[in-house]
Amino acid sequence: MSTVAKRALIAGLRWTSLRLRLVVVFALVALTAAVSVAGIAYWLNREAVLTRTQDSALNDFRQAMQSRVATLPLQPTQAELQTAAEQMSAMSTSPGYSVLLVDSRDGGKPVVGYSDLDAFTLDDVPTNLAQQVNREQPVTAGNAYPYHLFWVRTNLRNAPYLVGGAKVIGGGPTGYMLTSLKQERDDLNSLAWSLGIATGLALLGSALLAQAAATTVLKPVQRLGDAARRLGEGKLDTRLRVSGTDELADLSRTFNRTAAQLEKKVADMSAREEASRRFVADMSHELRTPLTAITAVAEVLEDEADSLDPMIAPAVHLVVSETRRLNDLVENLMEVTRFDAGTARLVLDDVDVVDQVTACLDARAWLDAVELDATRGLMVRLDPRRLDVILANLVGNALKHGGSPVGVSVRAVDGELVIEVRDHGPGIPADVLPHVFDRFYKASASRPRSEGSGLGLSIAMENALIHGGGITAANSPDGGAVFTLRLPRDLEPEEQADDTQVRGQS
């Protein structure tokens, strides 16, 4: 994945975290508030509109019943009922209504007068309403009339209507009225649409407001995150621009103070480390001249040791041995200094690995002590001098601290050169394994014959890393320690130069 794609993915993930949650929370709060307000407003307006229409029609109908129906004869004819119904409907004010008058003759035969036979018939009167209208109530102190005006809202022919009914007190016909609530329904539907649009606009406005608020709040946080990321990448001069006096500004000031302190401490540590490296390098160089003279004298003494006093000969051999150890230590220190300074470079060549391994063992008289498992003709591009250093340290470590026999196997696996050095000693303790490549580390408890400097395996690892490879240490299930060297088979000069620079700075 390219760097641009990775940054886009990270930005998308970052957007979908806190920013999205802020927008969603704002939207939910606005939606809840808008829906609640819209619902309450709709319910209040609905009740107000329906109650106003209903009260107007029922009051008009009650007055008409009192002024028209009460004046009819005790048993009016159908024509009289028809005329009264038409007059009541014609005199109705807004909203207009249709009227139905019902009386009965002897035997229960009904006589009905319609104001509009097509609009309102006896079949349109709900049964429960008719029962309530015609039921005589007991007259009490709290109920002075045996009959009352009743009404019900209903749907007829898929349209809303108000149906009311009353009976003339003292005897007379029963009257019913029917008025349409379609206009009120349309008005309420229009109100519902308006409230829905207002809710949508409120939701959109809250989302925009949340986006603006999130941008205002999260932009400093994002800048802080970017600055922390750059600081983690080693750009210690990273600072934030501080503006304002709020909590985010305080956080930015704290970050700047922390970054400044960190930069100062890292600079101090780098300076001390550079001084330490320079001291080691200077000391190593200064020691080389006297060591060269001491080594020459020691070799002369070693040649004359047999002719010296028997009491002095052991001291001469000890001086020669320790002089060689000191000379090796100085050479190792100089090599480590080159790695730390980043000045180590590869000198690549195409070599036969088996010939190189054989030459390394032969130069140190290890051919009789090492079992070599390899096939000639394996050509690899590498630095032969550094491979010799790696092999000398690994095989020498196995011969010194492990158990015989020591085996060396060379093979090519998946484009890599793999060299294993195996011994048959007690192995490496679990607490020692993570530190075997540390500088100056000696596992004296498990390796009593550890008279080395503790730099050999560390130098071997550095030489493997500069090739772009590595070394691993483990214990074999059959006993003994196994060191595995892996190097790329086709190392290009450009790759090694870049890798050398990285390794030198690590």
Accessible surface of residue 486 - all protein chains present, 1.4 Å probe, nearest 10 Å²:
100
Which order do 43, 366 take when ranked by solvent-accessible area (1.4 Å probe, heavy atoms of all protein chains), largest first?
43, 366
Heavy atoms of residue 217 accessible to a 1.4 Å probe, total area in Å² rounded to 10:
70
Expressed as a whole percentage, what fraction of the accessible surface of the stretch 130-282 belongs to carbon and sulfur atoms when a 1.4 Å probe is rolled over the protein heavy atoms?
58
Stretch gain in nm, segment residue 132-residue 155, where the contour uses 0.36 nm per residue and the Cα spacing is subtracted:
6.4 nm
Sorted list, accessible surface of protein heavy atoms, 1.4 Å probe, largest first, for 418, 102, 24 is 24, 102, 418
If 420, 233 are ordered by their accessible area, calculated over protein heavy atoms with a 1.4 Å probe, which sequence runs from highest to lowest?
233, 420
Using only C-alpha positions, report the orientation-averaged shadow area of the convex hull of the stretch 172-211, nm², one decimal.
3.7
Skip the ligands, DNA and RNA, and give the accessible area per residue of the stretch 152-223 with a 1.4 Å probe, whole Å².
51
Determine how large the accessible area of residue 265 is when every protein chain is in place; take a 1.4 Å probe and give Å² rounded to the nearest 10.
130
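The values are calculated or read from the model by the stated rules, or taken from the named source; none is laboratory data. Owing to the predicted nature of the structure, the values given are computational and were not obtained by experimental measurement. Just so you know, the surface numbers come from the protein's heavy atoms only, side chains and all, with ligands and any DNA or RNA stripped out. Shrake-Rupley method; radii C 1.70, N 1.55, O 1.52, S 1.80 Å.
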